[in-house]
Amino acid sequence: MSIFGKTKPGAVYEAGMESPVGPLRVTSDGTSIVGLSWGRAGAEEARPELEDACAQLTAYFEGRLQAFDLPLAPEGSEFQREVCAAMLAIPWGETREYGDIAKALGVPAQAVGGACGGNSIPVIIPCHRVLGAAGLGGYSGAGGIETKVWLLRHEGAAGLLI
C-alpha cells in the first residue's frame, strides 16, 4: 500500500512563498502536493493543501517543525515513490547514504541517486538527507550543494560537514 495519494490528471494549482533558500513554488493537483520548485508561483490559488504546505514550510524554516504532515503525490514511477518513502523515513537531523537506501530496496546505489535527483517535492521529501558514500552527493534544487548544506545545517546535521 502506498503512503501517497494518486495524482489527478489535469488541474494544477500553485502557491508561492519566500524562504531562506530562495522563493519556492508549491504545486497541488487539487488534493495533494505534487511539486516543490524554486521560483515564483504564477497565478496563486487559495487551496487548503497549498495553505497547509506553505504554513508547514514556514514552520520548518523557522525551526518549529521537524516532520511534515501533508498529502503527497510525488511524480514518477513506483520505484521513485519507494525511494521517496525511504527518504521520508529519515528523521530530522539524520542522514543516510544512497547505498543504505539501495540495500534496503535491493537496487544499485546509482538508481537511488537518480530517483533522489528526480524528487518532485524536495525539502518536504528530504532528498537533502541522502549523502554519497564519500561525500555530500548532489542536489538538484536551486543553489545545488550550497542549498543542501544549508538544509543539513538547519537541521543540525552540520557535524557531517566539518
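The values are calculated or read from the model by the stated rules, or taken from the named source; none is laboratory data. What you see is a predicted model; the values in this text were computed from it and never measured. Positions of Cβ are generated from backbone atoms using ideal geometry, with glycine treated the same way; all protein chains shown enter the neighbour counts. Only protein heavy atoms, including side chains, enter the accessible area calculation; ligands, DNA and RNA are left aside. Shrake-Rupley method; radii C 1.70, N 1.55, O 1.52, S 1.80 Å.
Quick notes
- Those residues of the range 34-77 whose amide nitrogen sits under 17 Å from the label point placed on Glu146, 7 Å along Cα→Cβ: 38-39
- For Ala133, net neighbour charge (Lys/Arg +1, Asp/Glu -1) across residues whose Cβ lies under 10 Å away: -2
- Karplus 3J(HN,Hα) series, Hz, for the range 15-28 with 6.51 cos²θ - 1.76 cosθ + 1.60 (x for Gly, Pro): 9, x, 7, 8, 8, x, 9, x, x, 10, 10, 9, 10, 10
- Between Pro74, Pro126, Pro108, the Gaussian network model of the chain with springs among Cα atoms under 10 angstrom shows the greatest mean-square fluctuation at Pro108.
- Placed amide H near Gly35: partners under 5 Å, 5+ positions off or other chain: Thr27
- Dipole of the range 1-155, positive direction: furthest Cα of Gly117, Tyr13, Gly63, with charges on the beta-carbon: Gly117
- For Leu131, nonlocal amide neighbours, meaning residues 5 or more places apart or on other chains whose placed amide H falls under 5 Å from its own, are Arg96, Glu97, Tyr98.
- MRE, 222 nm, helices only [DSSP H, n ≥ 4, -39500 (n - 2.57), over the chain, to nearest 500]: -9500 deg cm²/dmol
- For the range 80-134, the fraction of 1.4 Å probe accessible surface lying on carbon and sulfur atoms is 54 percent.
- Debye log10 I(q)/I(0) at q = 0.11, 0.17, 0.19, 0.21 Å⁻¹ for the range 68-162, Cα point scatterers: -0.27, -0.66, -0.84, -1.04
- Asp29, Asp69, Asp52, ranked by accessible area, largest first (probe 1.4 Å): Asp69, Asp52, Asp29
- Counted charge near Glu44, where neighbours are those whose Cβ lies closer than 14 Å (Asp, Glu -1; Lys, Arg +1): -2
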